[in-house]
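Asks: Below is the structure I would like to discuss, written out as structure tokens.
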Amino acid sequence: MRFKAIAQDAGRGRVLIPVPFDPNEVWGAKPRHHAGGTANGHRVRGLIERHDQVWGLLLGAMWTRDCAVAAGDEVDLEIEAEGPQRADLADDIAAALAANPEAAEFFDGLAQFYRRAYLRWIDATKRDPAQRELRIAQTVDLLAAGVKDHRQRQPPAQPAATD
């Protein structure tokens, strides 16, 4: 998506760049949309979320400094959704997420780094289909529990010692 918009003051050195489309319609419904692209030719990454009834890309002070963007400036923005999207997933993973809406919503809200890490972990089982099924099930369970990173799984609880 490429468009021009006027940057708005968002306080604390931040600016909000309104986007002229509903990202839920374009990229699928999500709690927030991770996006990347360019602002006036400078690389940017951020979240597109609702801000007072307006969809917008909020840029923090670091991004505004590096891109030389200030409130009131016209910004030439080119953005796209970052990371793997639901439509890009293998059929077995997509079906498992579709069967658990809570896990799917959490997956959709994750930064691309975490989404890709889950998918790499699953894809590392290509030689063993049974292991792949197990990892997909584990992924869905972890996502439903709100775990961002599969490597941060909690070990099984140890039985209490008895006297």
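The values are calculated or read from the model by the stated rules, or taken from the named source; none is laboratory data. Values in this document were obtained by computation on a predicted structure and should not be read as measured data. Neighbour counts run over all protein chains shown; Cβ positions are idealised from the backbone, glycine included. Just the protein is used for accessible areas: all its heavy atoms, side chains included, with ligands, DNA and RNA removed. Shrake-Rupley method; radii C 1.70, N 1.55, O 1.52, S 1.80 Å.
Asks: What are the residues in region 112-131 that are of a type in the set (A, V, I, L, M, F, W, C) and not in a helix (DSSP H, G or I), if any? Talk me through it step by step, then tell me what you get.
Replies: Of region 112-131, the ones of a type in the set (A, V, I, L, M, F, W, C) are 113, 117, 119, 121-122, 124, 130.
Across region 112-131, the qualifying residue is only ALA124.
Asks: Does ASP9 satisfy the condition of being without any contact (Cβ under 8 Å) to a residue 12 or more places away in the chain and open to solvent by 50 Å² or more (accessible area, probe 1.4 Å)? Spell out how you get there, then give the answer.
Replies: Values: without any contact (Cβ under 8 Å) to a residue 12 or more places away in the chain: no; open to solvent by 50 Å² or more (accessible area, probe 1.4 Å): yes.
The answer is no for ASP9.
Asks: Check off (1) on the phi < 0 side of the Ramachandran plot; (2) touching a helix residue (DSSP H, G or I) at 6+ places or on another chain (Cβ under 8 Å) for GLU78 and give me the number that stays unchecked.
Replies: With respect to (1) on the phi < 0 side of the Ramachandran plot; (2) touching a helix residue (DSSP H, G or I) at 6+ places or on another chain (Cβ under 8 Å), GLU78 is out only on (2).
Asks: Suppose we filter region 18-60 for residues that are open to solvent by 30 Å² or more (accessible area, probe 1.4 Å), under 22 Å from ALA103 (Cβ atoms) and part of a strand (DSSP E or B); how many remain?
Replies: Looking only at that region, the number is 3.
Asks: Filter region 64-92 down to residues that are open to solvent by 50 Å² or more (accessible area, probe 1.4 Å) and under 18 Å from the mean Cα position of the chain (by Cα) and give me whichever is farthest from PHE107 (Cα to Cα).
Replies: Going through the qualifying residues, I end up with GLU78.
Asks: Just to verify a result, which residue in region 2-17, among those that are assigned to a strand (DSSP E or B) and aliphatic (A, V, I, L, M), is farthest from GLU105 (Cα to Cα)? So that I can check it myself, show each step before the final result.
Replies: Narrowing region 2-17 to residues assigned to a strand (DSSP E or B): 2-6, 8-9, 15-17.
Within this subset, residues satisfying the condition of being aliphatic (A, V, I, L, M) are 5-6, 15-17.
Numbers: ALA5: 29, ILE6: 31, VAL15: 27, LEU16: 25, ILE17: 25 Å.
Filtering first and then ranking leaves ILE6.
Asks: May I ask you to list pairs of residues, at least six apart or on different chains, whose Cβ atoms are under 8 Å apart, with the first in region 64-83 being under 12 Å from ARG45 (Cα atoms) and in contact (Cβ under 8 Å) with a residue 24 or more places away in the chain and the second being aromatic (Phe, Trp, Tyr) and surrounded by fewer than 18 Cβ atoms within 10 Å (Cβ to Cβ)?
Replies: Hits for this filter: LEU77/PHE3; GLY83/PHE113.
Asks: If you don't mind, another one. Return only the number of the condition from (1) within 18 Å of PRO31 (Cα to Cα); (2) surrounded by 13 or more Cβ atoms within 10 Å (Cβ to Cβ); (3) modelled with pLDDT of 90 or more that GLY146 does not satisfy.
Replies: Every listed condition holds for GLY146 apart from (2).
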